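Enquirer: Quick one: the structure is below, and I'll ask about it shortly.
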Amino acid sequence: MFSIRPGVVGTFSGFEVASIVDAVAHIQYVTDDAGAPVRAIEFALRVLSQPANALLFGGVAVLGTLGLLGYLWVRPTIPDVEVLKSTLDGYRDLVPWMLRLAMGLPLVGAGFADYYFSPAVPGSPRLLLIGLGFCILFGLATRLAAGVGLVAYLVGLAGNPAMLLAMEYVPGLLAILLVGPGRPSADHMLARILVADGTLLGRFGLVSKPMGIAESAIAPLAAYAATVARVGLGVVFVYLGLFEKLANPGRALLVVQKYDLTAIVPVDPGAWVLGAGLAEIALGTLLIGGLLTRAVAAGAFVVFTLTMFGLPDDPVLAHVTMFGLASAVFTLGSGPLALDRVLSAAGDRPDAGDELAAGSDD
C-alpha cells in the first residue's frame, strides 16, 4: 500500500516516492517534486494486481462500454436535451467572444505574472504577452494578434518542452484565426464605420479592402473551428492523462497524498492515479473522435471545476484557456469530421446548421 514518512519518502507497493515540497493543475503546477522514478507499466500492473482494484476498473470498463454501445444503439430523443441543443445553437455567434476572453485574459495575466504562457515556464517578454492579450480581449486586429500569439507559443515550445503544459493555446488561437473577432469587438465596430456612407475612415478605404480579402479567404474554413477546438481539447486531455499521470505516477502519487484525495474518493492512491489518467485519456479520445461531443465537453467542464476546489493552490488563471475551450466545444458541438456527424447522417437526424461551425446532435 501507499505510505508517507513525514519529510522523508513514501512508498507504494515497494516503490519509493520522494517527499512533497511547497506547491507551484496540471500536476507540475501543484508540486515541484517529480518524486523518485516509478516505472509506469509496472506501476499499473501492481495497482491492477490487487483484487479490489481489478474489480473496480473491470466493472467500470464493462459498464461504460455497455452504456456507450446501448446509447448508440437506441439513440434516444429526450425533449429536454433537444431544447438544450436548440438553445446552444443560438449561442454560436457568441463563440468568438468566448474564445477571445479565454485566450486574452490568461495572456494578460501571464505577462503581469512574468511567465511565458505556462506558469511552469518563468520569464516572459511582458509587453508582448500583455499587448497580445489586450488586443485579443478587445478584438482589435484580432486575427493578426492570434497569429502572432501562435507563433510566439511555437517559438517558445521549440526551446522548452514544458510549454506543452499550455498546449491548449494552439487550438484556442487557431480557432480565433478561423472565426475572427465576432461581436462585440473593436474590429466589428471599425468595420461598420469603414463601410458606412460619409464616414471619415470610410473615405480612405485603406483598411476595408484588405479586411474584406482576409474575410473572404478564411470564411470557408470557419466551420472547422469547432473541429479544431474539439480535437485540440481532446489532445490536451490525452496528454495530461498519459504523460502527467500514467507515465509519471511518482509525481501523481504525491499530489494524491498532499491533498488527501483518498478522503474524497476512498480508493487506493494507486487506483486514484491510474483511474484519473485513464479517465482523462477516455475523455480525450471521445473528443478527438467527435463522439458524444457536447456531453463530454460538459463533463470536462465539471472536471475542471472540481479540480479548482480539490487543488486550492492550483493557478486558476492558467486554466481559463481550458474552461474556454470546453465551453466553446459545448456550444458548437462536434463540427465536421466527427463520429457524431456520421451517426446523425446514418440516423437521418440533420444537424442544426452550419452558420459558424457545424455542430452535432450530441
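We did not get these values from a lab; they are worked out from the coordinates using the rules stated. Owing to the predicted nature of the structure, the values given are computational and were not obtained by experimental measurement. Cβ placement follows ideal geometry from the backbone for every residue including glycine, while neighbour counts extend to all protein chains displayed.
Enquirer: Compute the FRET efficiency between residue 87 and residue 346 as 1/(1 + (r/R0)^6), taking r as their Cβ-Cβ distance and R0 = 25 Å, and round to the nearest 0.05.
Expert: Details: r = 25 Å, r/R0 = 1.01.
That pair, residue 87 with residue 346, gives E of 0.50.
Enquirer: Radius of gyration and Dmax for the stretch 40-362's Cα atoms, expressed in Å?
Expert: In order Rg, Dmax, the Cα atoms of the stretch 40-362 give 21.7, 79 Å.
Enquirer: If you don't mind, there's one more thing I want to ask. Between residue 80 and residue 196, how many nm apart are label points set 7 Å from Cα along the C-beta direction?
Expert: Distance between the two pseudo-spin positions: 4.6 nm.
Enquirer: Please give the contour-minus-distance gain from residue 217 to residue 151: 0.36 nm per residue of separation, less the Cα-Cα distance, rounded to one decimal in nm. Walk me through the intermediate numbers first.
Expert: Values: separation 66, 0.36 × 66 = 23.76 nm, distance 2.03 nm.
21.7 nm is the gain from fully extending residue 217 to residue 151.
Enquirer: Same structure again: Beta carbons within 10 angstrom, averaged per residue: use that to sort the peptides 50-62, 239-251, highest first. Don't skip to the end; give the middle numbers.
Expert: Details: 50-62: 12.8, 239-251: 21.0.
The peptides rank, most packed first, as 239-251, 50-62.
Enquirer: Arranged from highest to lowest average of other beta-carbon atoms within 10 Å per residue, in what order do the peptides 154-162, 289-297 appear? List each step's numbers first, then the result.
Expert: Values: 154-162: 13.6, 289-297: 23.0.
For the peptides 154-162, 289-297, the packing ranking is 289-297, 154-162.
Enquirer: With +1 assigned to the C-beta of every Lys and Arg and -1 to the C-beta of every Asp and Glu, and no other charges, what is the dipole magnitude of the stretch 34-129 about the Cα centre in debye, to the nearest 20?
Expert: Details: 7 positive and 6 negative charges, 44 e Å.
Dipole of the stretch 34-129, to the nearest 20 debye: 220 debye.
Enquirer: Could you calculate the contour length gain from residue 94 to residue 262, that is, 0.36 nm times the residue separation minus the distance between their Cα atoms, to one decimal place in nm?
Expert: On the way: separation 168, 0.36 × 168 = 60.48 nm, distance 3.96 nm.
Length gained between residue 94 and residue 262: 56.5 nm.
Enquirer: Could you check the simple spin-label distance between residue 160 and residue 72, using points 7 Å along Cα→Cβ, in nm with one decimal?
Expert: Taking the two extended label points, one gets 4.2 nm.
Enquirer: Just want the answer: with Cβ charges of +1 for Lys and Arg and -1 for Asp and Glu, which residue in 129, 325, 240 is farthest toward the dipole's positive end in the stretch 40-362?
Expert: Selected residue: 129.
Enquirer: Quick one: length gained pulling residue 302 to residue 114 fully straight, 0.36 nm per residue minus the C-alpha distance? Let's see the in-between values first.
Expert: Details: separation 188, 0.36 × 188 = 67.68 nm, distance 2.91 nm.
Gain in length upon complete extension: 64.8 nm.
Enquirer: Still on this structure, I have one more. For the stretch 288-348 and the stretch 84-123, write down the distance between their C-alpha centroids in whole Å.
Expert: After rounding, the separation between the Cα centres reads 14 Å.
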